[in-house]
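A.B. asks: The structure that follows is given in the form of structure tokens.
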Amino acid sequence: MHYDVVVVGAGSMGMAAGYFLSKSGKKVLLLDSFNPPHNKGSHHGDTRIIRHAYGEGEKYVPLVLKAQELWNDLEKATGRQLFYQTGFLNVGEEKSGFIENIISSSTKYSLPLKIMDASEIKKRWSGITLPNDYIGCFESTSGILKCEECIEAYRELAELNGASILTNSKVKEIIVHNKRVTIKTEEQTFYSDALVVSAGAWSGNLLSMLDLNLPLEPVRKTFAWFDTNENLYNHKIFPGFSFETQAGHYYGFPSINGAGLKVGRHDGGEKVNPEESILGFGEIEEDEADLKQFVNNYMPFQRQLKYGKTCMYTLTPDEDFIIDLHPKYSNVAIASGFSGHGFKFSSVVGQILSDLIVSGKTEQNIDPFSVNRFIESFNIEGALYNINELKGFSFVNK
């Protein structure tokens, strides 16, 4: 029952990490409380966006460009179509920080970006209606990922490389001692030299077993599909989109293979406990009304709501990721807090996690995603202490 690496949480980031670790020759066990891909966390719902000119900040652009390269590699390795180059349209007020970041990141990294006014957008995509003071930023090279198929593809390759995957096995205890990791489920105990924790909304509880209490906040999110006019919203003619409006920040997808126009809301959401069942779509009155008001205002040629689903975001206070080694344990890598915009990066995050375990470093710049920004700590005679562990102690300056 000994492995080189155990990955706890085999969803978006964890399954990719399992693939890259197994590719490097490591004996890998992936543990998950469910059977990925599944509908209990953040990765279900058929599709996810991948955009390159990044409204959340320029620091993400090198990562997402590498992620796109790795998604293309995954398509070639498996023969699956995982990426649809529909293009992507960001919409908002010209002076919004989100739009300004998109424009500046495209300039810095020489990304193809067409800036359009409301009339130009309406002329190109007649299914969109906009206020005259809104602009759009269109990226022709971005598009849509088939998220569940991406996880299936990495799972297939990881297993071909010899990785073991144990599903429906919830981790109850983790102990790290002298470079040895013990992981206990309800029925079994496993041992490893290294550990990856990438368990989405459950990461907070797992990391607390490793003396790491992080400000991770799981929230319930909703998204839905609308029966629609395929002549306006089909993926061959209509892009993925993100609208920053006065009422909120919404995103969506064209109709792929007749599935319908898919719309979700990025901001807001109710705090939830991932250990408990979350309310289904429509069990909160505002679920349907909120999304309907968006499509009625900006895409009024859609028809009736078909169905909706819920998922969870795991938010950090700054809504930036956590990708790092544990501050006390150099053989424990962490990926968490992806704040609702992480899936597109899961290919490169998996590679980074593998790099951190194999060599203790990565070629990618992950300094902005350091766990230490949420830890008040300092060193005393070479040992790292959390400030909360030292309350009540007094020190004499020698």
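The values are calculated or read from the model by the stated rules, or taken from the named source; none is laboratory data. If you're wondering where the values come from, they're calculated on a predicted model, not measured in any experiment. For neighbour counting, all protein chains shown are included, and Cβ atoms are generated from backbone atoms with ideal geometry for every residue, glycine included.
A.B. asks: May I ask you to list pairs of residues, at least six apart or on different chains, whose Cβ atoms are under 7 Å apart, with the first in the stretch 326-342 being modelled with pLDDT of 95 or more and crowded, with 24+ Cβ neighbours inside 10 Å and the second being among the small types (G, A, S) and not in a loop (DSSP other than H, G, I, E, B)?
C.D. replies: S336/S203
A.B. asks: Let me ask you something else. Out of the stretch 92-151, which residues are within 22 Å of the chain's Cα centre (by Cα) and of a type in the set (D, E)?
C.D. replies: E139, E148, E149
A.B. asks: Checking L390 against (1) at pLDDT below 95; (2) surrounded by 11 or more Cβ atoms within 10 Å (Cβ to Cβ); (3) at positive phi, which test does it fail?
C.D. replies: (3)
A.B. asks: Could you please find all residues in the stretch 87-144 being among the aliphatic types (A, V, I, L, M) and in contact with a Ser or Thr (Cβ under 8 Å, 6 or more places away or on another chain)?
C.D. replies: L89, V91, L111, L113, I144
A.B. asks: Among the candidates K292, K306, which residue alone is more than 17 Å from V219 (Cα to Cα), surrounded by fewer than 19 Cβ atoms within 10 Å (Cβ to Cβ), without any contact (Cβ under 8 Å) to a residue 60 or more places away in the chain and not β-branched (V, I, T)?
C.D. replies: K292
Yes or no, residue by residue, for (1) surrounded by 24 or more Cβ atoms within 10 Å (Cβ to Cβ); (2) within 18 Å of the chain's Cα centre (by Cα); (3) touching a residue at least 24 places away in the same chain (Cβ under 8 Å):
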position	(1), (2), (3)
D4	no, no, yes
G9	yes, yes, yes
M13	yes, yes, yes
Y19	yes, yes, yes
S24	no, no, yes
K27	no, no, yes
N39	no, yes, yes
H44	no, yes, yes
A53	yes, yes, yes
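A.B. asks: Looking only at the stretch 106-119, which residues are charged (D, E, K, R) and either surrounded by 15 or more Cβ atoms within 10 Å (Cβ to Cβ) or over 11 Å from L89 (Cβ atoms) (or both)?
C.D. replies: Selection gives K108, D117.
A.B. asks: If you don't mind, another one. List every residue pair whose Cβ atoms sit under 6 Å apart, with the two residues 6 or more apart in sequence or on different chains, where the first one lies in the stretch 233-245 and is touching a residue at least 24 places away in the same chain (Cβ under 8 Å) and the second, anywhere, is of a type in the set (A, V, I, L, M).
C.D. replies: Going by the 6 Å Cβ cut-off, the qualifying pairs are Y233/L261; H235/I256; P239/L89; G240/I49; G240/I144; F241/L89; F243/V91.
A.B. asks: Does the stretch 276-293 contain any residue that is of a type in the set (K, R) and either farther than 30 Å from D133 by Cα or not assigned by TED's automatic domain parsing to the domain that holds K122 (or both)?
C.D. replies: Scanning the stretch 276-293, I find no residue that is of a type in the set (K, R) and either farther than 30 Å from D133 by Cα or not assigned by TED's automatic domain parsing to the domain that holds K122 (or both), so the answer is no.
A.B. asks: Ok, one more. Testing I183 on (1) crowded, with 20+ Cβ neighbours inside 10 Å; (2) out of contact with any strand residue (DSSP E or B) (no Cβ under 9 Å at 6 or more places or on another chain); (3) of a type outside the set (S, T, Y), one condition comes back false. Which one is that?
C.D. replies: Condition (2) is where I183 drops out.
A.B. asks: Please work out which one of (1) out of contact with any helix residue (DSSP H, G or I) (no Cβ under 7 Å at 6 or more places or on another chain); (2) surrounded by fewer than 24 Cβ atoms within 10 Å (Cβ to Cβ) is the condition Y60 fails and give its number.
C.D. replies: So Y60 meets the others, but not (2).
Residues are listed down the side, and each one gets a yes or a no for (1) within 23 Å of S142 (Cβ to Cβ); (2) touching a strand residue (DSSP E or B) at 6+ places or on another chain (Cβ under 9 Å); (3) in a strand (DSSP E or B); (4) modelled with pLDDT under 95:
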{"position": "L206", "(1), (2), (3), (4)": "no, yes, no, no"}
{"position": "V219", "(1), (2), (3), (4)": "no, yes, yes, no"}
{"position": "S242", "(1), (2), (3), (4)": "yes, yes, yes, no"}
{"position": "Y251", "(1), (2), (3), (4)": "yes, yes, yes, no"}
{"position": "S277", "(1), (2), (3), (4)": "no, no, no, yes"}
{"position": "I284", "(1), (2), (3), (4)": "no, yes, no, yes"}
{"position": "G308", "(1), (2), (3), (4)": "no, yes, yes, no"}
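A.B. asks: On to the next question. So which pairs qualify, if the first residue must be in the stretch 153-177 and closer than 16 Å to Y3 by Cα, the second must be in a loop (DSSP other than H, G, I, E, B), the Cβ gap must be under 7 Å, and the two must be at least 6 apart or on different chains?
C.D. replies: Taking only residues 6 or more apart or on different chains, the pairs are I165/A10; I174/M209; I174/L210; V176/L210; V176/Y329.
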